[in-house]
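The next block holds one structure in the form of C-alpha cells; read it before the comments.
The values are calculated or read from the model by the stated rules, or taken from the named source; none is laboratory data. Here the structure is a predicted model, which is why all the values come from computation and not from measurement. When we count neighbours, we look across all protein chains shown, and the Cβ atoms used for this are built from the backbone with ideal geometry, even at glycine.
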Amino acid sequence: MSDLEFCIHGHFYQPPREDPLTGLIPDEPGAAPFRNWNQKIDAECYRPNAELGNFEKISFNIGPTMFSWLEINDPDSYEKILKQDRVNHSHFGIGNAMAQGYNHTILPLASHMDKVTQVKWGIADFKHRFGHAPMGMWLPEAAVDYATLEVLADCGILYTILAPWQADTPQVDTGEAYQVALPNGKKIAAFFYDQDLSTRISFDPGATRNADSFLLNYLLPKFRPKSSLNGNAQLIMIASDGELYGHHQQFREKFLERLLNGALVGQPVKTTFPGLWLREHPATKWMGIHENSSWSCHHGVVRWMGDCACTPGGGQWKTFLRTGLNQIASDLDKVYSDTVSQYLADPWQLRHEYIHVFLGEVRVGEYIQSMIGQRLGEDELKRIALLLQSQFERQRMFTSCGWFFEDFDRIEPRNNITHAAQAAWLSFQATGSDLTREAVELFHNVKSQRTGLRGDQVFYEKYLKAEKKHDLDSSQGF
C-alpha cells in the first residue's frame, strides 16, 4: 500500500431557483442559450464529469436541492453519479460521497432545532438517493462551531472537511486527519485541506491546463520524503467548488479525469477518499476548531449576517434580512408548536422526520397518523399538514445564498423572502394567525442600493400571489 495519498473533494451545489408557488424555474437570460442556470451548469459540469467517471475517484457532496432537480431533468447523469459512489461502497464497504446540510443553511447562525432538522434532512436525503448512510457531512460554506459538530456526532456523522484556518492553530499539519473533542463528550474527525493547492485549482487556470504538469510541479512536491515520515502515511487534501470542473473553468473536467487516471501511472501516489483514509489511518491526534469560521470568507460568518469587507456596502440590508427572518421564524415556530403539541409531546420530531414525506417515501396523512399514534379527523390532518409545509418553506428562508452577494435585488435574497411569504401564508391557512403586518414592518428596511427594491414589497407581492393561487385552485375544485 502506498504511504502517499491524495484526495480531491468537490462541493457541488446550486441555490434553489424554483418559484415555491409553481415549482418551476423562471427563464434566466444570463444562462443563454440554456433556459436557466441549472441546465447550463448541468451541461457544462455535472453531465460531463458523470460521463467521464470522475465522481468515482473524488470525494464529493451534491446539495440535495440541486440533486432533486437533476433527478427529474437529467436522470441519466443522476444515476451515473449514484452508481459511481456505489462502486466504492461495494468494493470497500465505504462510499466516497458525503451528505450536506439540506438547505445550505449557515448552521452556526441557526437555532439548535434548525441545526438538527438540517442535519437529519441531509442524512435522510442521502440515504434515499445513495442507498446507504453517509459517514461524512459537508457543512454549508464549511461554517462551523462546536454546537454544529455536536449535532453531527449525535446523528452518527464521523467526519467533516474544513479549511486550514478553521483549526485553532495557525500551523496545522494538513497531512492527516484529527479528532475534535466536543463539549458533550463525543468526538468527530476533521480533515483540513491544503490551502495552496486548493487555491491554485480554484483560482489559477494556468496551473490546471495540463494535469501531468500539475502533478509534477505542484502536487508531488507537497509530499514530504518518506524518510521523514517515520513510517507514517501522508494525505494531501484538495477542496474546491465542484462546478469549477467544466463550468467555472472550461475543460477542467478533462483535467480532473487525466489527473485521476493517466497522470498517476508510474507515480508513487494514489487517490483515496476520507472514509477510506480514516479506516486505514485512524486519527490519533487532537485539534480544536476556530468557531464561527467558514471556508469562503476569512471574516467568519459575518458575511451572512451583516457588513463584511468581501461585499462592501452590503451590511445594512443583510442585517435587517437576518433579523427579520429570525423573527418570522420564531413566530412561525410558536404557531406550529402551540398547535402540534396538542397532539404530540415533541412537535419537533415530527418536523425532523417530515423530509420522508417530501422524498415521496410516505403519504403525509399516513405519516402524521403514525407519528401521532391516534386517528385524526380530516380537518386536523389538513391543519397539521399545512403547518409542516409551512415549516418546510421556513427552512428554505435561510438558504445561505440570500446573503452571499452585495445587493438585495438578486434572485437569491428575493427567494428567501418569497419562502417567508409562502411559509406565513401556509401558517395562516392552517390556524388563522396572520403575520403579514409584522413581516411588512420587519422587511421594510431590507433595501437594494442599486434599484431601491425593498423586502416588504417582495413579501407582500408574493403573499398576494399565494392567495390568488389558492382562490384559483379552490374555484377549480382542487
For this session: Say whether the condition of being assigned to a loop (DSSP other than H, G, I, E, B), in contact with a Leu (Cβ under 7 Å, 6 or more places away or on another chain) and closer than 30 Å to LEU264 by Cβ is met by at least one residue in the stretch 17-39.
Result: no
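Looking at the structure I just gave you, is ILE72 part of a helix (DSSP H, G or I), surrounded by 22 or more Cβ atoms within 10 Å (Cβ to Cβ) and either more than 18 Å from the chain's Cα centre (by Cα) or not acidic (Asp, Glu) (or both)?
Considered against the rule, which asks whether it is part of a helix (DSSP H, G or I), surrounded by 22 or more Cβ atoms within 10 Å (Cβ to Cβ) and either more than 18 Å from the chain's Cα centre (by Cα) or not acidic (Asp, Glu) (or both), ILE72 comes out as no.
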Exercise. Among the residues of the stretch 410-424, is there at least one that is over 26 Å from MET66 (Cβ atoms), among the hydroxyl-bearing types (Ser, Thr, Tyr) and either in a helix (DSSP H, G or I) or modelled with pLDDT of 95 or more (or both)?
Worked result: no
Seminar exercise, completed: Scanning the stretch 269-282 residue by residue, those surrounded by fewer than 21 Cβ atoms within 10 Å (Cβ to Cβ) and under 25 Å from PHE55 (Cβ atoms) turn out to be VAL269, LYS270, THR271, LEU278, ARG279, GLU280, HIS281
Exercise. Does THR105 count as under 11 Å from the mean Cα position of the chain (by Cα), buried (at least 18 other Cβ atoms within 10 Å of the Cβ) and touching a residue at least 12 places away in the same chain (Cβ under 8 Å)?
Worked result: yes
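Considering ASP338, ASP346, ASP333, ASP307, which residue is of a type in the set (D, E, K, R) and either over 22 Å from MET113 (Cα atoms) or assigned by TED's automatic domain parsing to the domain that holds ALA190 (or both)?
On the way: ASP338 fails: either over 22 Å from MET113 (Cα atoms) or assigned by TED's automatic domain parsing to the domain that holds ALA190 (or both); ASP346 fails: either over 22 Å from MET113 (Cα atoms) or assigned by TED's automatic domain parsing to the domain that holds ALA190 (or both); ASP333 fails: either over 22 Å from MET113 (Cα atoms) or assigned by TED's automatic domain parsing to the domain that holds ALA190 (or both).
After ruling out the rest, the residue left standing is ASP307.
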Seminar exercise, completed: Checking GLY246, GLY275 in turn, the sole residue that is modelled with pLDDT of 95 or more, in contact with a Cys (Cβ under 8 Å, 6 or more places away or on another chain) and closer than 17 Å to PHE60 by Cβ turns out to be GLY246
Problem set entry | Filter result for SER337 (of a type in the set (S, T, N, Q), in contact with a strand residue (DSSP E or B) (Cβ under 7 Å, 6 or more places away or on another chain) and under 24 Å from ALA124 (Cβ atoms)) | no
Exercise. Given the structure, is PHE191 farther than 27 Å from VAL119 by Cα and either at pLDDT below 95 or buried (at least 20 other Cβ atoms within 10 Å of the Cβ) (or both)?
Worked result: no
